[in-house]
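Q: My structure is below; once you've seen it, I'll send some questions.
The values are calculated or read from the model by the stated rules, or taken from the named source; none is laboratory data. The model shown is predicted, which means the values in this text are computed figures rather than measured ones. When we count neighbours, we look across all protein chains shown, and the Cβ atoms used for this are built from the backbone with ideal geometry, even at glycine.
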Amino acid sequence: MDKVLTTCVYCGCGCGLFLHVEDGRIVGVSPSPMHPMSKGRLCIKGWLAGDFVSHPDRLKFPMVRREDRFARVSWDEAISIIKRKFREISDKSGPDSLGVLTSAKGTNEENYLLAKLARAGLKTNNVDHVARLCHAPTVVGLGYAFGSGAMTNPISSLAHADVILIVGSNTAEQHPLVASYILEAKANGAKLIVADPRKVQLADLADLHLKPKPGSDVAWINAFLNVIIQDGLINERFIIERTEGFEAVKQSVSVYTPELAESISGVNAQDLRKAAIIFGSAERCAIVYAMGITQHIAGTDNVQALANLSLATGNIGLDGTGLYPLRGHQNVQGSCDMGALPEFYPGYQKVSDAREKFQQAWGTDLPDRPGLTALEMMAAAENGNLKGLLVVGENPVISFPDTYRIKNALNLLDFLMVMDIFPTETTELADVVLPCASFAEKNGTFTSTERRVQRVRSAVAPPGEAKEEWRVINELICQLGIASCYSGPEEIMAEIASVTPIYGGIDYGRLDVNGIHWPCPDRNHDGTPILHNERFPINRARFRPVEYIDPYELINDDYPLILTTGRSLYHFHTGTMTRRTSLLDREVPVPFVEINSDDALAMGIRNGQRIIVETRRGQLFLDARITADISEGTIFVPFHFTEAPANVLTNWALDSQSKISELKVSAARIRRPEDDRFSG
Ligand code: SF4
């Protein structure tokens, strides 16, 4: 049996694991004891990460839609159809009528090439990926505040915090290895404050559990900071020496008393005061957050409010301090780093600043205006301005908000090409479907949520005629007339390093078992586990006042409940891989809705009863899970299930700064099917 060291395919923790290979098949997985973060541990998804690879549903051959059926074609024919359609659309409607959605499940090398395909090959900056719907507010918010929109410290640094504030993150279920370091800190005597409308697992161990209403975060975080300022718990020296704009924030938060925050957010004013004093009095405080903070129309303001809190207390740049935005996909950090964003080239070099540099590097003219974000592309498809779309390893029909609207937008395209490893609800709508290699069948790198660039290694061959994406993308780039000839992912990484200062010192030979934290500007540099310890990239960090705004949809008599969505421990994203992993699917086999027990009693709903959940956009039939662990007036639906896709219910309203949609708040109502019968 061979054992191939690689990186887990699921969450952004980036655990190291071995794939066990016998007779060309994966027969098992074991953790890597040498991995510097996971240290011989995996969560249940990691242990089962090899299971889906040989599933019989794998896409094996290129397919083209002919008269409403898919027909198998050769790679040459598929590539020639794609090239012809891209050319036709571009000639007729201009290059900005094309777009590319890349994959946070893909490697850095694939994302780099896809962004190059969009910009150099198709001549459009319409390139984006799923980070738009998870951590775009982090890129924008922390980018403004610190000059770098990424996690400031390594995961292990959490073990050295005196206080950890977890906001909008079900860490134990979504990032189990991060939770292990939080537990270590707790065992060392750290205080834990959890802010979440659900009693997530870590709330059981918390010293305080604050339960803000979804969408109310700016109000309670501003009040939290106000208490710290009023009680003289700020770090004046840090503020004076390393920041700017504090006075404006001090003034703006002064009106947010704990009592005002309670009236907006429902967080008990006394608890809020207590939590703020615990945080403000401690030496080293860390803030962990995830999509409970970002998926709002105020997502960027929420992130800035947390940045204000860190800066005011000087909790940046040291072990045990910092901000920890937890990335959901294994390579969502790397996809952002590689410039799979409409406004940035690789390494967050702005399209407006670095165009000349990339024109020289890629030997061709590049478009000058930033492109459309993911949902802007969907809106452009609706109004006829976007006509051709390439989707790689992404399933927007299930993962984007307002499913029916997304389906309609994709159906309006003249040409949709999808590359994936399994058939999905999005491949069903495609004109051309290309089969790809899974993580176990390719070489490359992923960058974990802690900015650790690490190797992905091929263990088995892809099934049928499926190919590694880099080969296909490279072929497309060449077909579009751009000189692009790589011998493999290692050579692509060499090009990435040559044009991306934060990856300047990354090469495969140096990554070995430990990987390297970017920024790593040259080959003599060991990487940077902790950011901002001496200076910020923008010299002084920036405070910015943020004011509370209501969520886009407010509850009313017709829709009296707040619907929030999220994930389960046993599933990942749209379920394409975990629902084809029998042991994971067995744990949570059916979709459900969590309802507060008092609400359920008032509505006459029993545990396990099939009920209808409705919003202004659609309805789902779901099994009721009655629990005291969710706040009254709030319901929760996981979004992994194609038979009841939660995004049928969610809304598309965008944060004006980061263009994320407000997936975490929709006004909803519940009905019992038997009530329909009685009412005729
Ligand atoms: Fe994989 Fe994340 Fe689990 Fe680690 S914590 S094994 S990276 S899913």
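Q: Filter the range 559-592 for residues that are touching a residue at least 12 places away in the same chain (Cβ under 8 Å), in a helix (DSSP H, G or I) and of a type in the set (D, E, K, R) and give the result.
A: Matches in the range 559-592: Arg579, Arg580, Asp585, Glu587.
Q: Here is a further query. For Ile670, state whether it is of a type in the set (A, V, I, L, M) and more than 19 Å from the chain's Cα centre (by Cα).
A: yes
Q: Out of everything in the range 538-573 that is surrounded by 17 or more Cβ atoms within 10 Å (Cβ to Cβ) and charged (D, E, K, R), what residue ends up being nearest to the chain's Cα centre (by Cα)?
A: Applying the filter and picking the extreme gives Arg567.
Q: Residues that are more than 16 Å from the ligand (Cβ to nearest atom), surrounded by fewer than 24 Cβ atoms within 10 Å (Cβ to Cβ) and part of a helix (DSSP H, G or I): does the range 388-397 have at least one?
A: yes
Q: When you check Ala179 against the structure, is it within 16 Å of the ligand (Cβ to nearest atom), in a helix (DSSP H, G or I), of a type in the set (Gly, Ala, Ser) and within 25 Å of Lys664 (Cβ to Cβ), yes or no?
A: Taking the combined requirement at face value, the residue satisfies it.
Q: For Tyr404, are the conditions met, namely being in contact with a helix residue (DSSP H, G or I) (Cβ under 8 Å, 6 or more places away or on another chain), among the hydroxyl-bearing types (Ser, Thr, Tyr), touching a residue at least 60 places away in the same chain (Cβ under 8 Å) and under 15 Å from Leu114 (Cβ atoms)?
A: no
Q: Step by step: first the residues of the range 593-613, then only those that are surrounded by fewer than 20 Cβ atoms within 10 Å (Cβ to Cβ) and part of a strand (DSSP E or B), then the one that is farthest from the ligand (Cβ to nearest atom). Which residue is that?
A: For the range 593-613, the residue satisfying everything is Ile612.
Q: Which condition number in (1) within 16 Å of the ligand (Cβ to nearest atom); (2) of a type in the set (S, T, N, Q); (3) surrounded by fewer than 18 Cβ atoms within 10 Å (Cβ to Cβ) is the one that Thr6 fails?
A: Here Thr6 meets the rest and fails (3).
Q: Moving to a separate point now. Please enumerate the residues belonging to the range 280-328 that are among the charged types (D, E, K, R) and at pLDDT below 95.
A: Of everything in the range 280-328, just one residue is among the charged types (D, E, K, R) and at pLDDT below 95, namely Arg327.
Q: Out of everything in the range 20-30 that is buried (at least 18 other Cβ atoms within 10 Å of the Cβ) and within 16 Å of the ligand (Cβ to nearest atom), what residue ends up being nearest to the chain's Cα centre (by Cα)?
A: Val29
Q: Here are Asp231, Asp204: which of them is of a type outside the set (Lys, Arg) and within 30 Å of Pro36 (Cβ to Cβ)?
A: Asp204
Q: So which residues in the range 160-176 are part of a helix (DSSP H, G or I) and either away from the ligand (no atom under 16 Å from the Cβ) or surrounded by 24 or more Cβ atoms within 10 Å (Cβ to Cβ) (or both), if there are any at all?
A: His160, Thr171, Gln174, listed by residue number.
Q: For Ala71, only one of the following conditions fails: (1) within 15 Å of the ligand (Cβ to nearest atom); (2) assigned by TED's automatic domain parsing to the domain that holds Ile473. What is its number?
A: The number of the failed condition is (1).
Q: With respect to Val127, is the statement that it is crowded, with 24+ Cβ neighbours inside 10 Å, closer than 23 Å to Leu410 by Cα and within 17 Å of the chain's Cα centre (by Cα) true?
A: When the stated conditions are applied, Val127 passes them.
Q: Another question, then. Find the residue count for the range 42-59, including only residues that are among the hydrophobic types (A, V, I, L, M, F, W, C), farther than 19 Å from Ala159 by Cβ and within 11 Å of the ligand (Cβ to nearest atom).
A: Qualifying residue count, the range 42-59: 4.
Q: Could you identify the single residue in Ala78, Ala104 that is in the same structural domain as Val460 (by TED's automatic domain parsing), away from the ligand (no atom under 16 Å from the Cβ) and not polar (S, T, N, Q)?
A: Ala78
Q: If we scan the range 572-580, do we find a residue that is modelled with pLDDT under 90 and under 19 Å from Asn651 (Cβ atoms)?
A: yes
Q: In addition: Mind counting the residues in the range 623-658 that are under 26 Å from Thr138 (Cα atoms) and either out of contact with any strand residue (DSSP E or B) (no Cβ under 9 Å at 6 or more places or on another chain) or hydroxyl-bearing (Ser, Thr, Tyr) (or both)?
A: Matching residues across the range 623-658 total 6.
Q: Right, next: Identify the single condition in (1) assigned to a strand (DSSP E or B); (2) within 8 Å of the ligand (Cβ to nearest atom); (3) touching a residue at least 40 places away in the same chain (Cβ under 8 Å) that Leu17 does not satisfy, given that it satisfies every other one.
A: (3)
Q: Also, quick follow-up: Within the range 425-448, restricting attention to residues that are assigned to a loop (DSSP other than H, G, I, E, B) and at pLDDT 95 or above, which residue is farthest from the ligand (Cβ to nearest atom)? Before you say what the answer is, go through the steps one by one.
A: Initial filter on the range 425-448 (assigned to a loop (DSSP other than H, G, I, E, B)): 425-426, 430-431, 437-438, 442-443, 448.
Then drop every residue that is not at pLDDT 95 or above, which leaves 426, 430-431, 437-438, 442-443, 448.
Numbers: Thr426: 23, Ala430: 28, Asp431: 33, Ala437: 19, Ser438: 14, Lys442: 17, Asn443: 19, Ser448: 8 Å.
Ranking the candidates gives Asp431 first.
Q: Name the pairs whose Cβ atoms lie under 8 Å apart, with the first residue in the range 102-126 and closer than 16 Å to Ala437 by Cα, the second of a type in the set (Phe, Trp, Tyr), and 6 or more positions between them or separate chains?
A: Lys105/Phe439; Thr107/Phe446; Thr107/Trp470; Asn108/Phe446; Glu109/Trp470; Glu110/Trp470; Leu113/Trp470
Q: Another question, then. Among (1) in contact with a Gly (Cβ under 6 Å, 6 or more places away or on another chain); (2) surrounded by fewer than 19 Cβ atoms within 10 Å (Cβ to Cβ); (3) not aromatic (Phe, Trp, Tyr), there is one condition His517 misses while meeting the rest; what is its number?
A: (2)
Q: Determine whether Val351 is under 30 Å from Gly504 (Cβ atoms) and buried (at least 24 other Cβ atoms within 10 Å of the Cβ).
A: Numbers: under 30 Å from Gly504 (Cβ atoms): yes; buried (at least 24 other Cβ atoms within 10 Å of the Cβ): no.
So Val351 fails the test.
Q: One residue is enough: does the range 281-296 have a residue meeting the conditions free of Cβ contacts under 8 Å to residues at least 60 places away in the same chain and surrounded by fewer than 24 Cβ atoms within 10 Å (Cβ to Cβ)?
A: Within the range 281-296 (the criterion being free of Cβ contacts under 8 Å to residues at least 60 places away in the same chain and surrounded by fewer than 24 Cβ atoms within 10 Å (Cβ to Cβ)), the answer is yes, since at least one residue qualifies.
Q: On to the next question. Could you tell me whether the range 31-41 includes any residue that is in a strand (DSSP E or B) and within 16 Å of the ligand (Cβ to nearest atom)?
A: Yes, that holds for at least one residue.
Q: Let me ask another. Is one or more of the residues making up the range 26-42 farther than 25 Å from Thr447 by Cα, out of contact with any Lys or Arg (no Cβ under 7 Å at 6 or more places or on another chain) and modelled with pLDDT of 95 or more?
A: yes
Q: For the list (1) within 16 Å of the ligand (Cβ to nearest atom); (2) under 21 Å from the mean Cα position of the chain (by Cα); (3) modelled with pLDDT of 95 or more, I need the number of the one condition that Glu184 fails.
A: (2)
Q: Any chance the range 450-462 includes a residue that's outside the structural domain of Asp337 (by TED's automatic domain parsing), hydroxyl-bearing (Ser, Thr, Tyr) and either more than 16 Å from the ligand (Cβ to nearest atom) or without any contact (Cβ under 8 Å) to a residue 12 or more places away in the chain (or both)? Full working, then the answer.
A: Keep residues of the range 450-462 that are outside the structural domain of Asp337 (by TED's automatic domain parsing), which gives none.
No, that holds for no residue.
Q: One residue is enough: does the range 361-374 have a residue meeting the conditions farther than 18 Å from Leu122 by Cα and hydrophobic (A, V, I, L, M, F, W, C)? First the steps, then the outcome.
A: Restricting attention to the range 361-374, the residues satisfying the condition of being farther than 18 Å from Leu122 by Cα are none.
Checking the range 361-374: not a single residue is farther than 18 Å from Leu122 by Cα and hydrophobic (A, V, I, L, M, F, W, C).
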